[in-house]
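J.: I'd like to ask some things about the structure below.
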Amino acid sequence: MDHARKPRNFGDPGHAGVTVRAENPMCGDDITVYLDADGGEKVGGVRFSGNACSICVASASLMTLKTGGKAFDEVDRLSKAFQSMVTGADAAGEDVADMGDLRALEGVRQFPMRVKCATLPWHALDDALAAARKGETEGHVRVDT
Ligand code: ZN
């Protein structure tokens, strides 16, 4: 996948409003997601860095592209819809329509071990948004079985 080989918005920006480290020990994914909040209600930009498998990197790369400039509430909705899609839970029809490129990851639902790889960046972003809402600057997410 193109996004796995050439991830977008990859690399430590040097400074970020909120920094969240996310680990998935089952696979070895270890990433950091950087959120810049624009006024506390809108995502200014999202970047990520770290070492992760191709599914995790592709998911994170697409996530940074889909969430920049969006309101926190909109990102919450997208995150829920994405996680529903890859876990095979029912997603609301209107949300799925917004998915676009993210649908490329829909196939991971057939591989339970890989679902955590695809959702890890989104768990990190959920945590970053929660931190931003509370005025915090750091978070840590660890996905276990
Ligand atoms: Zn992985």
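The values are calculated or read from the model by the stated rules, or taken from the named source; none is laboratory data. In this text the structure is predicted, and so the values were computed from the model without any measurement. Virtual Cβ from ideal backbone geometry, glycine too; neighbours counted across all protein chains shown.
J.: I need a count of the residues in segment 1-30 that are under 21 Å from E106 (Cα atoms), within 15 Å of the ligand (Cβ to nearest atom) and part of a loop (DSSP other than H, G, I, E, B).
T.: Here the count works out to 4.
J.: Consider R47 carefully, then state whether it is within 16 Å of the ligand (Cβ to nearest atom) and surrounded by fewer than 23 Cβ atoms within 10 Å (Cβ to Cβ).
T.: Against the criterion (within 16 Å of the ligand (Cβ to nearest atom) and surrounded by fewer than 23 Cβ atoms within 10 Å (Cβ to Cβ)), R47 does not qualify.
J.: So is A91 modelled with pLDDT under 90, surrounded by 15 or more Cβ atoms within 10 Å (Cβ to Cβ), out of contact with any His (no Cβ under 6 Å at 6 or more places or on another chain) and over 17 Å from V43 (Cα atoms) or not?
T.: yes
J.: Out of the residues in segment 1-40 meeting the condition of being within 24 Å of R114 (Cα to Cα), touching a residue at least 40 places away in the same chain (Cβ under 8 Å) and among the small types (G, A, S), tell me which one is surrounded by the fewest Cβ atoms within 10 Å (Cβ to Cβ).
T.: So the residue we want is A4.
J.: Scan segment 124-137 and give yes if some residue there is within 16 Å of the ligand (Cβ to nearest atom), touching a helix residue (DSSP H, G or I) at 6+ places or on another chain (Cβ under 9 Å), assigned to a helix (DSSP H, G or I) and within 20 Å of G28 (Cβ to Cβ), otherwise no.
T.: Scanning segment 124-137, I find at least one residue that is within 16 Å of the ligand (Cβ to nearest atom), touching a helix residue (DSSP H, G or I) at 6+ places or on another chain (Cβ under 9 Å), assigned to a helix (DSSP H, G or I) and within 20 Å of G28 (Cβ to Cβ), so the answer is yes.
J.: So, one more: Pairs only if they're at least six apart or on different chains, beta carbon under 8 angstrom, first in segment 43-58 and more than 20 Å from G69 (Cα to Cα), second near the ligand (Cβ under 8 Å from one of its atoms) and assigned to a strand (DSSP E or B); list them, first residue then second.
T.: As it stands, the answer is G50/D29; N51/D29; A52/N24; A52/D29; C53/D29; C56/N24; C56/D29, since those pairs meet every condition given.
J.: Go through (1) within 16 Å of G139 (Cβ to Cβ); (2) more than 16 Å from the ligand (Cβ to nearest atom); (3) out of contact with any Leu (no Cβ under 6 Å at 6 or more places or on another chain) for M63 and report which single condition fails.
T.: (2)
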